[in-house]
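Notes for the one structure printed next.
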Amino acid sequence: MKAPTREAAGRGRPVAIALVTAALFGGFWIWMAGQGRSRDPGEAQVCQARAQRLAGAGRTAEALAELEKAKRADPEAPAPHLLGAQILAAAGRHREARDEALAAHRLAPDDAAATLAALNETPASFPPAEVEPLARQAAAQAPRSAEAHDLLGRAIAGAGDSRRYPEALRELEEASLLDPASAATMVEIARVHSLMGDHERAAAAARLAGELLEREKGQGRLTPSNLRAWLEERRSAAFWQAQACQRLGRETERRAAAAAAASSSALLVEVKSLSDRAAASPPDTGAQARLETVIRRAVQGARQ
């Protein structure tokens, strides 16, 4: 069985909404006061408000046009870039979203919202050596942010230096303390334990990740919009549990975990295939109906 791959970092976890909202409508305008550049923060705010409304209505192009007006009205304000990153990411335009997030970070390098936005839109394929400084900066700016510590732990582990695995584990455990309900962090903890050869702890962490995911579904937090991410985490948790149990000689538990990983993979493949067919031109209405059924049953926990 091959290890599952991770999606881009910007996919998997959302920007810290409270921080971004504060950046958009709060402290940035105070910070910008006295910068000596010709600007109109009030007009920029009006344009941003319009952009938010347009984006909420699915009118992405018009929303981005309003943000261009906001940037012209206040060229040194990071807020329009942050909002632009959110809108572009929601539209699946991650390269452009990252450019906007980096622009915000350049304008406000000490702001945690901008730093986290840049991190979230950095693909997982980026060299860890380039990601780690940004993640370390985010953890320093927002020491109570589980997301920042999680991203730093992933960057350290991703470098592949076994001498630094304990350091990565410390960051991930701090993230888990700050957000005990995060199954994604627990999956990464299981992975790092496995890399360190501690298969007992790897199995325990992967098992806990699976329990957190089932709890999330049982509490009604699993929705059609986050089903694919949930399935990917479930597959990863089951994979690492199966790997650890194989090393520990626990065959019954290994078989059950391997079956769970396989079923998650199969459902992911089906959802992706149906989604592609439903989005074709002209759309496949049969695929759309089947997709809705599959998603509804998965969210409700019913058997296929």
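Read the figures in this text as sums done on the coordinates, not as results from a lab. In this text the structure is predicted, and so the values were computed from the model without any measurement. Cβ sites come from the backbone with ideal geometry, for glycine too, and all protein chains shown count toward neighbours.
Multiply the residue gap between R39 and E214 by 0.36 nm, knock off their C-alpha separation, and tell me the result in nm, one decimal place.
Extending this stretch completely gives an extra 57.9 nm.
How far apart, in nanometres, would the label points at K272 and T223 be if each is projected 7 angstrom from Cα along the Cα-to-Cβ direction?
Between K272 and T223, the label points sit 2.4 nm apart.
With the contact rule set at Cα under 8 Å and sequence spacing of 6 or more, what percent relative contact order holds for region 219-304?
Relative contact order, region 219-304: 28 percent.
In percent, how large is the relative contact order of region 49-124, given Cα pairs closer than 8 Å and 6 or more residues apart?
23
Can you give me the span-like helices of the chain, meaning DSSP H runs with 24 Å or more of Cα extent along the axis and Kyte-Doolittle mean at or above -1.0?
199-218, 227-248, 251-278
Could you give the length gained on full extension between R297 and A129, defined as 0.36 nm per residue of separation minus the Cα-Cα distance, in nm?
56.3 nm
Quick check on the chain: helices-only [θ] at 222 nm, where DSSP H runs of length 4 and up contribute -39,500 (n - 2.57) each and the sum goes over total residues. Nearest 500, please.
Estimated from H runs of four or more residues: -24000 deg cm²/dmol.
Only Cα pairs under 8 Å and at least 6 apart count here; give the relative contact order of the chain as a rounded whole percent.
11
Suppose each label sits 7 Å from its Cα in the direction of the beta carbon; what would the S263-A280 distance come out to in nanometres?
Calculated label separation equals 3.0 nm.
If you stretched the chain out fully between Q288 and A49, how much longer would it get, using 0.36 nm times the residue separation minus the C-alpha to C-alpha distance?
82.6 nm
At 7 Å along Cα-to-Cβ for each site, give me the label-to-label distance between R106 and D179 in nm.
2.8
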